[in-house]
Every structure is written in structure tokens, then in C-alpha cells.
Amino acid sequence: MKRQVTKFLLILLIAGLGLSSCRQVPSRKVMGLSDKAWYFHEKGSDKMLPAKVPGSVHMDLLANGEIPDPYYRDNEDRLQWIGERDWVYQTKFTVKQELLKMDNLELVFKGLDTYADVYLNEKEVLNADNFFRVWRVAAKSLLREGKNTLEVRFTSPVKMDKQKQEQDLVPLEYLYAYTRKPAYHFGWDWGPVYITQGIWQPVELAAWDDARLRNVRIYQNNLSDEKADLTLLYEVEADKDVEVELTATCVNTGQTDKNVFQLKKGMNTAGLFFTIENPKRWWTNGLGEPYLYTFKTEMKINGKVVDALSERTGLRTIKVVQEPDSLGKSFYVELNGVPVFMKGANYIPQDVFLNRPTEETYKATIKNAVEANMNMLRVWGGGFYEKDIFYDLCDENGLLVWQDFMFACAMYPGDDDFLNNVKEEAVQNVKRLRNHPCIALWCGNNENYIGWLNWGWPKQYSKPDSAKVWRDYVKLFEEMLPEVVNKYDPDRFYWPSSPSTNWGQPVNTEGDVHYWGVWHGQEPFEAFQETENIGRFMSEYGFQSVPEMSSVKKFTLPEDWDIHSKVMLTHQKHRIGYPVIDKYINWYYRFPKDFEAYLYVSQVLQSYGVGMAIEAHRRSIPLCMGTLYWQLNDCYPVASWSGVDYYDKWKALQYRVRTVYKEILVSPVVEEDELQVYVVSDALEPVSATLSLELYDFTGELLKKKDKKIEISPNTSQVYYTADKNEFLDGRAGNKVILSAKLIGEEPLAENHFFFVYPKDLKLEKGEIDFSAERVKNGYELTFNSDVFAKEVFLSTDDGRGFFTNNFFDLIPGQPVTAVFITDEEMADIKEIIKVYSLVDSY
């Protein structure tokens with residue numbers, strides 16, 4: 001069967017091929033080596049200990065009882081020696097004659113951390129120097145029937161970085177810039193210094209005859225509501241001239257295409273074609289189903305299946321729109337022809353030791369984002385290109401990914417060896433991820449450009465040296481990386497650096513913004529609401545809080561329960577973290593009475609400030625079309641900007657985000673003594689609703705009620721009610737009332753509470769909060785009542801067990817609030833297990 005592709009399309013598609021491995025379901029033989037008996041020792045020592053692959057030196061030392069838990073108390077200080085020394089990993093494995101008879105045998109390391117010399121049967125076969133790459137070694141000539149030995153010798157990145165810096169004609173400031181390894185391993189303002197080494201991804205021996213499938217790119221030629229025209233373009237490697245038959249099946253539709261190809265020795269391209277009638281599109285969380293199509297491919301030689309693979313994708317159009325407007329230039333994501341406001345967070349690695357997060361850990365993290373109504377995560381450039389499961393889950397749950405290349409907060413080398421290494425890293429990862437519908441864009445780096453432009457980095461160099469360092473930046477981020485994206489993933493947007501605009505300057509003209517006037521600049525939370533601080537796309541901002549008491553107990557002793565103790569300072573990585581929190585507490589809250597109250601108040605403070613920011617960003621549609629706060633998660637138990645702590649406990653912020661990221665938001669605000677009530681809608685259709693404004697005093701008495709029928713326009717932010725603040729209050733003091741704003745359609749759509757004074761000025765009284773508990777399928781349904789108004793009601797258990805579906809809520813007398821306590825346990829004494837705490841209890 002003949003197939004024809006336009007010359008232009010073939011050139012475009014073939015340009016995107018290269019050497020990369022797909023997720024495969026092969027009939028060729030793959031022998032896993034990760035599950036063999038591995039041992040490790042420090043270089044120069046004969047003390048051999050069992051090891052786990054994938055894994056790391058730190059975790060292997062911990063498993064053997066050689067070191068204490070690296071995350072416990074201040075153990076970090078005593079374990080730095082591990083990253084400064086060299087380590088050796090060894091295993092033995094048996095190869096049978098059946099495998100040796102195959103024409104090609106390849107030793108594959110899917111991830112080495114980081115400087116590794118590999119010896120197969122005492123012969124050096126590889127010098128690896130990049131954490132982010134897959135390494136392949138032709139091994140047939142070195143393998144033998146029976147026992148074989150494999151040894152991986154790791155050299156400390158600390159040693160290598162110092163050596164490279166000393167040899168550099170223009171030494172760079174940050175040592176981590178010399179090594180292609182996650183920057184956060186060298187310490188960040190939310191993570192410890194643990195410079196890991198080890199085999200962090202699986203190892204295997206792959207064997208094949210004649211030909212194998214290397215890669216498939218699913219190219220979307222055309223997409224409309226009527227049909228989708230697709231090309232599946234394969235990279236096929238042959239070790240001789242050979243005829244193969246490729247057959248691809250769309251699992252969803254049952255359609256099949258096949259063709260015969262004459263391969264030449266070396267790398268070949270081959271294409272199969274599909275037209276899907278009435279295709280289902282992939283949508284983000286909240287807008288529709290993230291529908292995925294699966295394509296399975298078999299390759300036959302002489303009628304025998306010799307290789308197979310399976311690949312998924314979603315059909316959608318996506319672009320980042322930058323068009324001139326009255327303020328400058330827009331910056332928004334258009335999905336399937338619709339401008340979509342991005343609601344999400346920055347995502348960091350889930351642990352320093354990357355063999356610890358499990359499939360369940362990943363599922364829980366993505367679930368946290370989905371349940372908080374997010375539609376985008378930013379994979380930050382100081383971590384790593386995440387494992388396949390992360391992107392698979394984002395595909396399945398409708399979460400777009402802003403994908404940084406792995407560069408952060410530094411200037412990097414520009415010599416040929418470094419650039420060639422990075423190029424291969426970029427090619428491998430672009431090709432690995434390009435079929436994922438979740439990938440929204442590629443970004444060159446995190447804060448490198450703005451650091452050079454606005455943070456005084458050039459001052460440490462002479463003018464000629466400064467010019468060289470900047471030229472190296474241009475070569476990497478404005479030439480090489482965009483060339484890789486353009487060649488291998490040309491339909492996706494490339495953004496050289498995030499942010500494009502620095503806080504402290506007018507940020508609302510174009511590009512994206514990391515706004516750190518709040519926190520780093522120690523500006524008040526109200527600065528979040530000022531127009532000059534709201535950019536076209538807010539890709540970073542945030543505020544710190546401390547984990548709750550049940551989490552703190554996991555890494556401390558009672559003697560550590562003081563914010564200024566050595567242990568609590570060890571778990572605060574920002575140089576002035578607690579003093580900054582203290583400053584903001586004094587601005588907005590009463591200072592907490594004790595350690596546990598401090599943990600609680602830090603969380604409601606964070607929720608108050610970041611919630612204020614998100615509401616301001618959403619009210620600013622279409623000027624602002626995205627808000628990604630820093631940060632979703634933690635890699636370590638620590639005081640940080642996260643909404644979910646290391647132990648997967650939701651902070652007050654995460655509950656607040658769930659409210660302010662709902663599809664429809666009602667958002668009251670006072671500007672120049674005028675009460676304005678905005679309604680923001682991400683819905684693609686108009687919505688009829690009643691806007692209900694109810695003013696209560698703290699005894700629960702309804703003081704005023706205003707109802708207004710409204711038509712909520714799709715994808716907009718609009719003011720639907722205004723009033724003079726003082727007239728609305730009818731002369732009442734603002735410190736004794738609460739405004740409950742609700743949107744009610746066929747069912748409740750949104751609710752938000754607004755206060756006319758700071759939390760510290762509220763005249764709260766200590767009352768009696770009571771609750772009932774009813775056993776339900778997944779736990780206990782709790783119903784709470786109070787005889788006086790209770791603010792920020794916090795539910796917890798001493799040991800952190802279970803999950804509360806509702807928390808940090810306000811409780812108006814006469815208006816019960818429910819929460820489900822999710823647990824598998826039977827609890828006859830549940831009223832004693834659950835602790836109830838509110839703001840008035842903190843002072």
C-alpha cells in the first residue's frame with residue numbers, strides 16, 4: 001500500500017527524529033539488571049554493603065543502619081561527608097547463550113547520578129556526566145556466557161565542581177552550574193544540602209536482531225471538530241538492509257494502518273496515517289474531559305513480530321498568544337481555540353532521594369492539584385525532568401505543564417563540551433515528552449535572565465569577562481535550546497527564561513512575572529492587589545508557613561518545639577525566614593501565644609496573603625491570564641511556601657486555593673471605600689445565578705441581605721455589585737461583622753467571606769464549638785456548630801492520621817459546616833481524637 005506525504009511535512013517530521021527510547025512493550029529481549037544483587041562501598045574501603053537499584057548512596061547507607069534518618073532533627077549537618085566522597089556500586093549477572101546469540105546487545109542506564117565511570121567485565125565502557133540523560137553502551141563484544149560483572153564508580157560532584165571552577169578561565173559564581181545534576185541537591189531556600197550519588201533509574205540489557213523501533217512521534221496534521229489527520233512517524237534502527245511491516249492500531253476506534261518499508265542499515269524513518277472522524281479533544285481540568293488516544297504498533301519481519309510499542313496522546317490545539325494591546329503585549333494559553341486562565345502552582349521534586357516517591361505518592365500529589373481546581377503545574381528548572389508517571393498523570397487529569405529546562409538562578413558554562421552534553425540532554429527529554437498533551441510550553445531557565453539583568457550579577461566580572469558570560473547565556477538559551485525545540489517539537493512554544501520581567505518594575509506590559517515584593521521585598525499583602533504588580537502571567541509569588549504540629553512531631557523531639565531551636569532553624573532554609581513571618585504576623589494577626597499556635601497562625605497568615613493575591617489576579621482578567629503560586633509541594637519537612645507539606649498534609653493555603661480556584665469565584669474587595677463584588681468565571685457558557693450578600697454579626701444575627709439576579713458572562717471578570725462601604729455597614733463597626741457572598745444557581749456555585757478589618761482587629765469571642773459524627777462509607781461525616789462566630793476553624797489529630805475534606809473554615813452561629821474525616825479506622829472515641837481549634841485560641 002503506497003503512502004504519500006507532502007515534501008514539506010516529511011522534512012518537518014523527519015527533522016524531529018533522533019536517538020531516543022519510547023515506553024515500549026517489546027517482543028525483543030530485555031533483561032533487567034536493577035533487581036540483581038547490588039553492593040556498594042566507599043572508594044578505598046573494603047566494607048561492602050547491600051544496595052538497592054534504583055537508589056542512592058544516602059538511602060543505601062540508611063538501609064544498612066550506617067547513618068540516621070537524613071531528615072530527622074539536625075542530622076543534615078552531620079551527613080555532608082557522604083556527598084564529598086567517592087562511591088562504587090557492583091553487581092554480577094548471568095547471561096545465557098540464547099541472549100548472546102542475538103545480533104545486538106546494549107547496556108542501558110536510564111539515569112546515573114552523576115559522574116560515573118562504568119566497567120563491564122573490568123573493561124571501561126562509559127564515562128557518564130549528566131544526571132538527566134539515558135546512557136547506552138554497545139555491549140555484545142564484552143559480554144560472555146555465564147557470570148558477568150558490572151561496576152559503576154562515582155566521583156563526588158563536589159570535587160568535580162571545584163575542579164571545573166578552578167580550570168575555568170572565567171569562574172562562575174555557583175558551583176552547581178558546572179554539573180548537569182538537579183540544582184536543588186546543593187541546597188535551596190526550602191530544601192537541604194544532600195549531594196546525592198547513585199544509580200537513580202533502572203538498568204537493563206536490551207537485545208535485538210535485524211531492526212527495532214526507537215521512537216514514534218504522533219504528529220497532528222489537522223484537527224477540527226469533524227476530523228483529525230494524524231501521522232505516526234517512526235524512527236527505526238536496522239543493523240542490515242531489511243524489509244519490515246509496520247502495523248498501528250488506534251485502540252479507541254479500532255482503526256488500523258499498515259505498510260511495508262525497505263530499511264537501510266542505520267537509522268530510518270517510516271510513517272503510518274490515521275484520520276479520526278469526530279475526534280474527542282483533550283481539555284484541562286474543569287473545562288472538559290482530558291480524552292486520550294492510544295496507538296499500538298507492531299513491527300514484523302517475515303511475518304514474525306520483532307518489536308512493539310504503545311503510545312498515548314491527546315488531540316488538542318495549544319498556543320501561547322502574544323498580541324499587541326493597549327498596555328503592551330498579551331501572554332495567555334489558548335487551548336482548542338479558547339483563551340484559558342491558568343490556575344496552578346509551581347511544582348518541585350517530591351524528595352531529595354528520588355527512589356522514595358512511589359506511584360501512590362505521585363498519584364496523591366497530582367490529586368492534590370486536581371482537587372484544588374488547578375489546570376497547570378510549572379516544573380521548575382532547579383529540579384529534574386520528571387519521571388514518565390508524572391506526565392502520564394497530568395495527561396489523565398487535564399493538568400497542563402509549564403516545562404522548564406533544568407537551569408536555575410545561575411549563569412552556566414558555554415564551552416563546546418558543556419553545550420554538546422546539554423544538547424543531547426535536551427533532545428532526549430524533548431523527544432520523550434513531546435507526545436504528552438499536558439506539555440504546554442518549554443522554558444529555557446528559571447531566573448537566569450532576570451538575575452543577570454537586575455540582580456547585579458555582571459558586577460562580579462570585568463567587562464570582557466562579563467561579555468563572555470553573557471555570550472555563553474545567549475548560545476545556550478537563545479540559540480541552542482530553541483533550535484532543539486524547533487527541530488524536535490516545533491508546534492510548541494519556547495520561552496527563553498522565566499520571568500521576563502522583574503518585580504519592582506512595571507510588570508503589567510508583557511511576558512511573565514515572578515512577583516516577590518511580598519516576602520523578599522517585605523511589602524504588605526495589599527501590594528498583591530496593586531495594578532502595577534499584576535503581570536500578564538504571574539508565574540511565581542508566595543509566602544511561607546510552617547507545617548502543622550502532627551508533621552513537626554515526625555522530625556523533632558519535644559525539646560525542639562521552639563521556633564528558634566537549632567532543629568527548627570535547621571528546617572527553615574531561608575536566611576531570615578522566621579523574622580519575616582513574624583513581621584507579617586504583627587501586621588495582620590495577634591502574635592501567637594505558644595509554639596503550636598505559631599504553626600497554626602503561620603498557615604492562616606499564608607492563606608490570607610496568597611489567597612488575596614489569587615483573587616486579585618483572577619479579578620484582573622483579561623490583563624492577567626495566569627497565576628502559579630510558589631509552591632504546591634515539599635521535598636523535605638521544612639518551613640516553606642508550599643500548600644501541602646512533605647507528609648502530604650494540606651495546609652490552610654491548599655484549602656483556600658480550592659475555593660479561589662473554583663470555576664466561578666465571587667470576590668468582594670474594598671477600593672477607596674467602595675465595596676465592589678466581582679464575579680469571575682472560567683466557564684465557556686453563560687451562567688444564570690443569584691448574587692446573595694449577607695452581613696452577619698458575630699452572634700449570627702443577619703444584619704443585611706442583598707440579592708441580585710445576574711447573568712455571568714463566560715470567561716470574564718466583572719463587577720456585579722457596588723456600594724459605599726460605610727453605607728453598606730450602616731455605621732456599624734467593621735470589626736464585628738462578616739460579609740458572606742454567595743452565588744446560587746440551580747445549586748450553590750460559589751461562596752466567599754469578606755472582612756472589613758485585619759484579622760487581628762476582629763472582636764472575636766471564645767465560644768463553644770461542638771460537632772456530631774456519623775459513620776459514612778469513607779470515614780466520618782462531621783457537622784460543626786458554634787454559639788459565636790469562629791474564624792479559621794482548624795481540625796487535626798495528634799498523629800496526623802486521616803484527611804479532612806473541609807478545614808480552616810469560618811463558622812457562623814446557626815449555619816452548620818460539614819467535613820468528612822476520611823479514614824478506614826473505626827473510632828468509638830472520635831470526639832476525643834479530633835482536635836478543634838480556631839483563631840481565638842491562638843492568643
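The values are calculated or read from the model by the stated rules, or taken from the named source; none is laboratory data. None of these values were measured; they are calculated from a predicted model. We place every Cβ from the backbone using ideal geometry, glycine too, and count neighbours over all the protein chains shown. SASA here: full protein model, heavy atoms, side chains in, ligands and nucleic acids out. Shrake-Rupley method; radii C 1.70, N 1.55, O 1.52, S 1.80 Å.
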Q. Hey, among Tyr636, Tyr647, which residue is touching a residue at least 12 places away in the same chain (Cβ under 8 Å), open to solvent by 30 Å² or more (accessible area, probe 1.4 Å), among the hydroxyl-bearing types (Ser, Thr, Tyr) and part of a loop (DSSP other than H, G, I, E, B)?
A. Tyr647
Q.
Could you check the stretch 711-723 and list, in sequence order, the residues that are open to solvent by 30 Å² or more (accessible area, probe 1.4 Å) and among the hydrophobic types (A, V, I, L, M, F, W, C)?
A. Val719
Q: Would you check which residues across the stretch 679-691 are loosely packed, with under 12 Cβ neighbours inside 10 Å and of a type in the set (Asp, Glu) and list them?
A: Glu685
**Q.** Scope the stretch 724-743; condition in contact (Cβ under 8 Å) with a residue 40 or more places away in the chain and either touching a Lys or Arg at 6+ places or on another chain (Cβ under 9 Å) or surrounded by 15 or more Cβ atoms within 10 Å (Cβ to Cβ) (or both); matching residues
**A.** Lys725, Phe728, Val737, Ile738, Leu739, Ser740, Ala741, Lys742, Leu743
Q. Can you name the residue in the stretch 744-782 that is without any contact (Cβ under 8 Å) to a residue 60 or more places away in the chain, acidic (Asp, Glu) and part of a loop (DSSP other than H, G, I, E, B) and, of all such residues, is farthest from Val677 (Cα to Cα)?
A. Glu768
(Q) Quick check on my filter: what residues within the stretch 608-633 are small (Gly, Ala, Ser) and open to solvent by 10 Å² or more (accessible area, probe 1.4 Å)? (A) Ser620
Q) Taking the stretch 751-788 as the search range and keeping residues that are aromatic (Phe, Trp, Tyr) and within 35 Å of the chain's Cα centre (by Cα), which one is surrounded by the fewest Cβ atoms within 10 Å (Cβ to Cβ)? A) Tyr758
Q: Quick one: Ser34 ticks every box in (1) of a type in the set (Ser, Thr, Tyr); (2) in contact with a Pro (Cβ under 6 Å, 6 or more places away or on another chain); (3) open to solvent by 40 Å² or more (accessible area, probe 1.4 Å) except a single one, so which number is it?
A: (3)
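Would you pick out the residues in the stretch 298-311 that are farther than 14 Å from Lys258 by Cα and in a strand (DSSP E or B)? Walk me through how you get there before you give the answer.
Of the residues in the stretch 298-311, the ones farther than 14 Å from Lys258 by Cα are 302, 304, 306-307, 309-311.
Residues satisfying the conditions are Lys304, Val306, Asp307, Leu309, Ser310, Glu311.
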Q) Among (1) closer than 23 Å to Gly745 by Cα; (2) assigned to a strand (DSSP E or B), which single condition is Leu684 missing? A) (2)
Q: Scan Lys573, Lys583 and give me the residue that is more than 18 Å from Glu526 (Cα to Cα) and either buried (at least 19 other Cβ atoms within 10 Å of the Cβ) or in contact (Cβ under 8 Å) with a residue 12 or more places away in the chain (or both).
A: Lys573
(Q) Looking at the stretch 33-68 only, could you name the residues that are without any contact (Cβ under 8 Å) to a residue 40 or more places away in the chain, touching a helix residue (DSSP H, G or I) at 6+ places or on another chain (Cβ under 8 Å) and farther than 15 Å from Glu151 by Cα? (A) Leu61, Ile67, Pro68
**Q.** Check on Lys487, closer than 22 Å to Asn454 by Cβ and of a type in the set (Lys, Arg)
**A.** no
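Every residue in the stretch 650-666 that is of a type outside the set (A, V, I, L, M), assigned to a helix (DSSP H, G or I) and open to solvent by less than 10 Å² (accessible area, probe 1.4 Å), please.
First, the residues of the stretch 650-666 that are of a type outside the set (A, V, I, L, M): 650-651, 654-656, 658-659, 661-663.
After this cut, where a residue has to be assigned to a helix (DSSP H, G or I) as well, the list is 654-656, 658-659.
Hit for the stretch 650-666 is Gln654, nothing else.
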**Q.** Qualifying residue in the stretch 553-569 (condition: at negative phi and under 24 Å from the mean Cα position of the chain (by Cα))
**A.** no
Q. Within the stretch 336-346, is even one residue modelled with pLDDT of 95 or more, open to solvent by 10 Å² or more (accessible area, probe 1.4 Å), over 28 Å from Tyr541 (Cα atoms) and in contact with a helix residue (DSSP H, G or I) (Cβ under 7 Å, 6 or more places away or on another chain)?
A. no
Q. Going by the structure shown, is Val601 part of a strand (DSSP E or B) and farther than 30 Å from Tyr194 by Cα?
A. no
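Can you say whether Glu694 is open to solvent by 60 Å² or more (accessible area, probe 1.4 Å), in contact with a strand residue (DSSP E or B) (Cβ under 9 Å, 6 or more places away or on another chain) and part of a strand (DSSP E or B), as far as the supplied structure shows?
Values: open to solvent by 60 Å² or more (accessible area, probe 1.4 Å): no; in contact with a strand residue (DSSP E or B) (Cβ under 9 Å, 6 or more places away or on another chain): yes; part of a strand (DSSP E or B): yes.
Spelling it out, it is not the case that Glu694 is open to solvent by 60 Å² or more (accessible area, probe 1.4 Å), in contact with a strand residue (DSSP E or B) (Cβ under 9 Å, 6 or more places away or on another chain) and part of a strand (DSSP E or B).
If you check Val108, Val88, Val118, which single one turns out to be among the β-branched types (Val, Ile, Thr) and under 30 Å from Asp241 (Cα atoms)?
Details: Val88 fails: under 30 Å from Asp241 (Cα atoms); Val118 fails: under 30 Å from Asp241 (Cα atoms).
Just a single option satisfies the conditions, and that option is Val108.
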(Q) Conditions first: (1) in contact (Cβ under 8 Å) with a residue 24 or more places away in the chain; (2) open to solvent by less than 50 Å² (accessible area, probe 1.4 Å). Arg136 passes all but one, so which condition is the exception? (A) (2)
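Within the stretch 487-531, which residues are of a type in the set (Asp, Glu), open to solvent by 40 Å² or more (accessible area, probe 1.4 Å) and in contact (Cβ under 8 Å) with a residue 60 or more places away in the chain?
First, the residues of the stretch 487-531 that are of a type in the set (Asp, Glu): 489, 491, 510, 512, 523, 526, 530.
Next cut, open to solvent by 40 Å² or more (accessible area, probe 1.4 Å) only: 491, 510, 523, 526, 530.
Asp491, Glu510, Glu526 - these are the residues of the stretch 487-531 that are of a type in the set (Asp, Glu), open to solvent by 40 Å² or more (accessible area, probe 1.4 Å) and in contact (Cβ under 8 Å) with a residue 60 or more places away in the chain.
Please go through the stretch 791-805 and pick out each residue that is assigned to a strand (DSSP E or B) and either open to solvent by less than 40 Å² (accessible area, probe 1.4 Å) or among the aliphatic types (A, V, I, L, M) (or both).
Keep residues of the stretch 791-805 that are assigned to a strand (DSSP E or B), which gives 791-796, 803-804.
Scanning the stretch 791-805 gives Lys791, Glu792, Val793, Phe794, Leu795, Ser796, Phe804.
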Q. Residues of the stretch 338-390 being closer than 27 Å to Ala426 by Cα, out of contact with any Gly (no Cβ under 7 Å at 6 or more places or on another chain), aliphatic (A, V, I, L, M) and assigned to a loop (DSSP other than H, G, I, E, B), which ones?
A. Leu354
(Q) Return the residues of the stretch 104-125 that are open to solvent by 20 Å² or more (accessible area, probe 1.4 Å), touching a Phe, Trp or Tyr at 6+ places or on another chain (Cβ under 9 Å) and not polar (S, T, N, Q); say none if nothing qualifies. (A) Glu106, Lys110, Asp117, Val125
Q) Restricting attention to the stretch 667-681, which residues are assigned to a strand (DSSP E or B), in contact with a helix residue (DSSP H, G or I) (Cβ under 6 Å, 6 or more places away or on another chain) and farther than 21 Å from Pro622 by Cβ? A) Val670, Leu675
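What is the residue count in the stretch 56-79 for residues that are in a loop (DSSP other than H, G, I, E, B), touching a Ser or Thr at 6+ places or on another chain (Cβ under 9 Å) and open to solvent by less than 50 Å² (accessible area, probe 1.4 Å)? Before you say what the answer is, go through the steps one by one.
Let us first name the residues in the stretch 56-79 that are in a loop (DSSP other than H, G, I, E, B), namely 56, 64-74, 79.
Narrowing the set further to residues that are touching a Ser or Thr at 6+ places or on another chain (Cβ under 9 Å) leaves 56, 72-74.
Checking the rest, the ones that are also open to solvent by less than 50 Å² (accessible area, probe 1.4 Å) come to 56, 74.
Qualifying residue count for the region: 2.
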Q) Within the stretch 806-824, can you find the residues that are over 32 Å from the mean Cα position of the chain (by Cα) and open to solvent by 30 Å² or more (accessible area, probe 1.4 Å)? A) Gly814, Gln815, Pro816
